[in-house]
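What follows is a set of notes on a single structure, which appears directly below.
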Amino acid sequence: MPYAEVAVDAPAGRLLYSYAVPSELDLAPGHLVLVPFGPRTARGVVVDVVSSPAHEATRAVSSTVGGVRLSKVQLDVGLYVSRTYLSPPFAALALFLPPGVSREPAVFFAPVVPLPSPLPSLTPEEDTALRTVHKEGRISLGRFGSGRGAASRMQALASLLERGLVYRLEEAAVPSGKARTEAVVSLAVDASEARIVAGSLAAGRSRRQACVLEKLISQDGSTSLRTLRQECGATTASVASMAARGLVTVSERRVWRETISSRVPDEAQAPSLTSAQQVVWDQMVQRWHAAEPSEFVLFGVTGSGKTELYLRAAQHAIDSGKQVVCLVPEIVLASQTVERFVARFPGRVAVLHSGLTRGQAYDEWDRIRGGACDVVVGARSALFAPLERPGLFVLDEEHDWAYKQDDVMPRYHARTVAREYARQCGAVLLLGSATPDVETFSRAESGAACLLELPGRVGDSPGLP
């Protein structure tokens, strides 16, 4: 029997725990799972699958969660964060989990069937609680534990649980983010027939349905139900009636929530480099594909043209079939950098930061995971985006304190983690700053990084950041 070594989401979860793998589960390293942990169910990430457990007494993995699986590189980087910053393994690995899936399991209570006879004596609160559970079939902890009188209801439920009259079950929580869809109405007949039917509907005072057909004809046969409601006064019932007559069909399509990455600016062409930029760029390209992973320190004051070299480096990585992560200390303060990436790579940039709504974060994550993005720009958490082929990590203003996460677990420095991430996947690390960190300068002096200096300002050159 195979056994899974699992990083468990628990206060005592600083070690890996061994669990038996049921025959019906096809588990592999990286899977997000639910496992029994003491009296409750906890989330966990499978770190390894082995033939013999590290501990003799094992319980079985309960289930997987949402088809989530971390890659080997993500596992290795997460465990590096755990070791380096002394954080629980799950907390470090959870950095790579999609938004909304790393929630606590949903707790329900269900009645024991059949009930013992005769029933033990119950208090009025216990009797009411038992009747409620039997009537509902199962009831969530949230419903029982909220509102007026919640404390007494929970006490009654705990008593019923102890007496064996109800039982507790846990399921993977529904992700808080989900895809947004909209209804789409399409013609099911050709345009000439639709015009004839529209004329007869208008003559028969079915003007709304006639308007629907005319609108669909003008929109090449398809448009959203929302548009038909706004412009024709159509209702769900009237469209369903038309669908039943074979005039239209109704389907659903994905709607992406708007962020700065979804704006469609005029595509920006790469400007010519200044002579100073060209020298630095030639040095970078020369060392880019060396046998060892490369680390560059781009040293230049504001206005020296660092951002243009970031963009050139990103294009170079993309041309090599790789993907790019560009970190900025604060999205609000680096909006110009973000906009330049969006303009240079229209439709291929995702932006991740804490200011996104749950839905926006879900959409951006889904676009990245689906391979629709070559570039991810964002604050330090963007480092953990689900890229399959990372080839370049850029940290603008690499000295900035905002790259340190020191308020919640796991605590880490994004520059240090990016360096390890780049090493693990053979990517290039590009650190840019007008005042590089002492550690960064020390690495350059020791030969661990290549120092590239952009002298002075470049005036009104198109290479301005």
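The values are calculated or read from the model by the stated rules, or taken from the named source; none is laboratory data. Bear in mind the structure is a predicted one, so any value in this text is a computation, not a measurement. With ideal geometry, Cβ positions are generated from the backbone for all residues, glycine too; neighbour counts draw on all protein chains shown. Accessible surface is based on the protein model in full, side chains and every heavy atom, while ligands, DNA and RNA are left aside. Shrake-Rupley method; radii C 1.70, N 1.55, O 1.52, S 1.80 Å.
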- request: Assess whether Leu452 counts as being part of a loop (DSSP other than H, G, I, E, B), open to solvent by less than 40 Å² (accessible area, probe 1.4 Å) and among the hydrophobic types (A, V, I, L, M, F, W, C).
  value: no
task: Within the stretch 95-118, work out how many residues are in a helix (DSSP H, G or I) and surrounded by fewer than 19 Cβ atoms within 10 Å (Cβ to Cβ).
output: 0
query: Considering only residues of the stretch 8-54 that are under 23 Å from Ser82 (Cα atoms) and of a type in the set (Ser, Thr, Tyr), which is surrounded by the most Cβ atoms within 10 Å (Cβ to Cβ)?
result: Tyr19
- request: Go through the stretch 418-447 and count every residue that is part of a loop (DSSP other than H, G, I, E, B), hydrophobic (A, V, I, L, M, F, W, C) and either at pLDDT below 90 or in contact with a Gly (Cβ under 6 Å, 6 or more places away or on another chain) (or both).
  value: 1
query: How many residues, within the stretch 36-59, are within 16 Å of Ala94 (Cβ to Cβ) and modelled with pLDDT under 90?
result: 3
- prompt: Out of Ala202, Ala151, Ala198, which single residue is in contact with a Leu (Cβ under 6 Å, 6 or more places away or on another chain) and modelled with pLDDT of 80 or more?
  reply: Ala198
message: Quick check on this structure: which one of Ala350, Ala385, Ala343 is in contact with a Pro (Cβ under 7 Å, 6 or more places away or on another chain) and among the aliphatic types (A, V, I, L, M)?
response: Ala343
- prompt: Can you name the condition, by its number, that Val325 falls short on among (1) touching a residue at least 40 places away in the same chain (Cβ under 8 Å); (2) β-branched (Val, Ile, Thr); (3) touching a Gly at 6+ places or on another chain (Cβ under 9 Å); (4) not in a strand (DSSP E or B)?
  reply: (4)
field: Residue list for the stretch 323-332, restricted to those being at pLDDT 95 or above and either open to solvent by 40 Å² or more (accessible area, probe 1.4 Å) or more than 17 Å from Val417 (Cα to Cα) (or both)
entry: Gln323
- prompt: Which is of a type in the set (Gly, Ala, Ser) and assigned to a helix (DSSP H, G or I), of Ser82, Ser121?
  reply: Ser82
message: Checking the structure you have, find out if any residue of the stretch 65-79 is over 30 Å from Thr416 (Cβ atoms), more than 23 Å from the chain's Cα centre (by Cα) and modelled with pLDDT under 90.
response: no
message: Given the criterion at pLDDT 85 or above, open to solvent by 10 Å² or more (accessible area, probe 1.4 Å) and over 30 Å from Leu213 (Cβ atoms), identify the matching residue among Arg287, Arg257.
response: Arg287
- request: Only residues that are without any contact (Cβ under 8 Å) to a residue 12 or more places away in the chain, farther than 27 Å from Val301 by Cβ and not acidic (Asp, Glu): list them for the stretch 364-418, please.
  value: Gly370, Val408
field: Number of the condition not met by Val133 [criteria: (1) modelled with pLDDT of 85 or more; (2) under 28 Å from Val255 (Cβ atoms); (3) not basic (Lys, Arg)]
entry: (2)
query: If you go through the stretch 244-252 one residue at a time, do you hit one that is at pLDDT 90 or above, farther than 30 Å from Tyr362 by Cβ and assigned to a helix (DSSP H, G or I)?
result: yes
- request: Assess whether Gly303 counts as being in a loop (DSSP other than H, G, I, E, B) and open to solvent by less than 20 Å² (accessible area, probe 1.4 Å).
  value: yes
field: Any pair with Cβ under 6 angstrom, 6 or more apart, that starts in the stretch 352-363 at a residue that is within 17 Å of Ile331 (Cα to Cα) and ends at one that is in a strand (DSSP E or B)
entry: Leu352/Gly378; His353/Gly378
query: Just checking, how many residues over the stretch 242-254 are touching a residue at least 24 places away in the same chain (Cβ under 8 Å), open to solvent by 30 Å² or more (accessible area, probe 1.4 Å) and more than 30 Å from Thr337 (Cα to Cα)?
result: 7
Leading residue by the ranking (least open to solvent (accessible area, probe 1.4 Å)) among those in the stretch 55-87 that are in contact (Cβ under 8 Å) with a residue 40 or more places away in the chain and charged (D, E, K, R): Asp76
